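Beneath this line is the structure, given in structure tokens, with notes to follow.
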Amino acid sequence: MTTVEKHVQARGNILIDIEECKGCGLCVESCPPECLELLDELNAYGVHPAHYSGDGCTGCGICFYCCPEPGAITVYRLAPPSKPLVQKDAPAAAAGLQGGSHAAAL
């Protein structure tokens, strides 16, 4: 059997304050793209804080809502890359037809 790697284009970014994190792991367990993990190092509380791997965040915010510690997790939604405007049917646009060749002429 071959394993297929999941690759999700990052649509979000997560900042975790490791000094506020209590290491409960709720965010790690609730993350749909599984891009959070607990660090091996201990923070000032003596617990393993959560860490964003840096890849795959969808910006859904589930980790933020599951976190019992206010201010430990901040989720930022990234703006999608802009798509170039391409005019596929130039003659139809010049004739004033909206919707290209699919629109019915009234």
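Bear in mind these aren't lab numbers, they're just calculated from the coordinates by the rules spelled out. On a predicted model such as this, the values are computed, not experimentally measured, just so you know. Neighbour counts run over all protein chains shown; Cβ positions are idealised from the backbone, glycine included.
At R0 = 25 Å, how high is the FRET efficiency between Ser82 and Asp17 if r is their beta carbon distance? Nearest 0.05 is fine. Don't skip to the answer; put the middle values down first.
Numbers: r = 32 Å, r/R0 = 1.27.
Efficiency for this residue pair is about 0.20.
Binning the C-alpha pair distances of segment 12-77 at 5 Å intervals from 0 yields a P(r) profile of 3, 22, 34, 26, 12, 3, 0 %, listed from the shortest bin outward.
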